[in-house]
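Structure first, commentary second.
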Amino acid sequence: MLNTVFTGKVFFEFPVLESTNIYAKNLIANSTPIDGTVITAQHQSAGKGQIGSTWLVEPDKNITLSIIYKPNFLKVNEQFALSIAVSLGVANYVKSKVDDEVLIKWPNDIYVGPKKVGGILIENVIGGETLSNSIVGIGLNINQAEFEDELPNPISLQMLTGKEYNIQKEIYELLSFVEASYLTLKNDGKGQKRNYQQNMMGYQEERKFIINSKEVEGIILGVNDEGNLLMKIGNSIEKFDLRALKMVV
């Protein structure tokens, strides 16, 4: 049973889509979907990840969905706050399922220990000085037990717990967690950035990164309001965007 205030009250479900984010984009372009509209697909033929990567999942085994939110309370330079809120919501959902440590790998991949269980792709539509629509794409590995070799450190809830999950039920639970975090952001978002940083993989730890094809050691200090990673390298503090470096996991 869906237990949300408004997320998922309009719910599109498909056996196959190219991408739930692409469907959401077309929906926005050709109509006026209500706040909290959800699009799910049992299988995505061209699921998207960060920086053009693909999201490869086995049909009928996992969660692949997009939520259309209308965060017009956020200014353009505040859009990373939405990524923080959604990441916390998804991480809290995963925490409710497993006993292991759940971490957010900057900017918004969800890990259980050293293994990736899910990812988030947010695409924003700007209206003037604020966000008019945001497409929140979420992929989570639920019942899949085998993965292609090209995927980095994948794991699923079933592999972690030994349980078989009802995908529809898990979608409803996930939406409740994401909406709760989104509503916290809408009210004032107080403490979310601090909470996000405390849940970051490698926070205040020395880690290895690939920067300009070279391996570098640095200490993650957190993120700034624009979503850049703040890191101490040697005696200097530097900031990086997503394309500038890769953490060695």
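The values are calculated or read from the model by the stated rules, or taken from the named source; none is laboratory data. This structure is a prediction, so every number in the text was calculated from the model and none was measured. Please note: Cβ atoms are built from the backbone with ideal geometry, for glycine as well, and neighbour counts cover all protein chains shown. Surface areas here come from the heavy atoms of the whole protein model, side chains and all, with no ligands, DNA or RNA. Shrake-Rupley method; radii C 1.70, N 1.55, O 1.52, S 1.80 Å.
What are the residues in the stretch 217-235 that are open to solvent by less than 60 Å² (accessible area, probe 1.4 Å) and assigned to a strand (DSSP E or B), if any?
Those that are open to solvent by less than 60 Å² (accessible area, probe 1.4 Å) and assigned to a strand (DSSP E or B): G218, I219, I220, G222, V223, L229, L230, M231, I233.
If I ask for residues that are among the β-branched types (V, I, T) and within 15 Å of E173 (Cβ to Cβ), which ones from the stretch 111-129 would you list?
V117
Only residues that are at pLDDT 95 or above and among the acidic types (D, E): list them for the stretch 143-164, please.
Across the stretch 143-164, the qualifying residue is only E164.
Return the residue satisfying two criteria in turn: it lies in the stretch 92-140 and is part of a loop (DSSP other than H, G, I, E, B), acidic (D, E) and within 19 Å of S156 (Cα to Cα), and of such residues it is least open to solvent (accessible area, probe 1.4 Å).
D100
Are there any pairs with C-beta distances below 9 angstrom linking a residue in the stretch 205-231 that is over 25 Å from L82 (Cβ atoms) to a residue that is open to solvent by less than 60 Å² (accessible area, probe 1.4 Å) and polar (S, T, N, Q), with the two at least 6 apart or on different chains, and if so which?
Between residues of the stretch 205-231 that are over 25 Å from L82 (Cβ atoms) and residues that are open to solvent by less than 60 Å² (accessible area, probe 1.4 Å) and polar (S, T, N, Q), there is no close pair.
Between L151, L183, L174, which is assigned to a helix (DSSP H, G or I) and either among the charged types (D, E, K, R) or surrounded by fewer than 18 Cβ atoms within 10 Å (Cβ to Cβ) (or both)?
Going through L151, L183, L174 in turn, just one is assigned to a helix (DSSP H, G or I) and either among the charged types (D, E, K, R) or surrounded by fewer than 18 Cβ atoms within 10 Å (Cβ to Cβ) (or both): L183.
Any residue in the stretch 83-90 that is touching a strand residue (DSSP E or B) at 6+ places or on another chain (Cβ under 9 Å) and open to solvent by 60 Å² or more (accessible area, probe 1.4 Å)?
Within the stretch 83-90, not a single residue is touching a strand residue (DSSP E or B) at 6+ places or on another chain (Cβ under 9 Å) and open to solvent by 60 Å² or more (accessible area, probe 1.4 Å).
Looking only at the stretch 200-216, filter to residues that are surrounded by 12 or more Cβ atoms within 10 Å (Cβ to Cβ) and assigned to a strand (DSSP E or B); which one of those is nearest to the chain's Cα centre (by Cα)?
Let us first name the residues in the stretch 200-216 that are surrounded by 12 or more Cβ atoms within 10 Å (Cβ to Cβ), namely 200-204, 207-211, 216.
Okay, now just the ones that are also assigned to a strand (DSSP E or B), so 200, 203, 207-211, 216.
Numbers: M200: 13, Y203: 18, R207: 22, K208: 23, F209: 21, I210: 22, I211: 23, V216: 26 Å.
Restricting to residues being surrounded by 12 or more Cβ atoms within 10 Å (Cβ to Cβ) and assigned to a strand (DSSP E or B), the top hit is M200.
Take Y165 and decide whether it is out of contact with any strand residue (DSSP E or B) (no Cβ under 7 Å at 6 or more places or on another chain), of a type outside the set (G, A, S) and open to solvent by less than 40 Å² (accessible area, probe 1.4 Å).
Yes.
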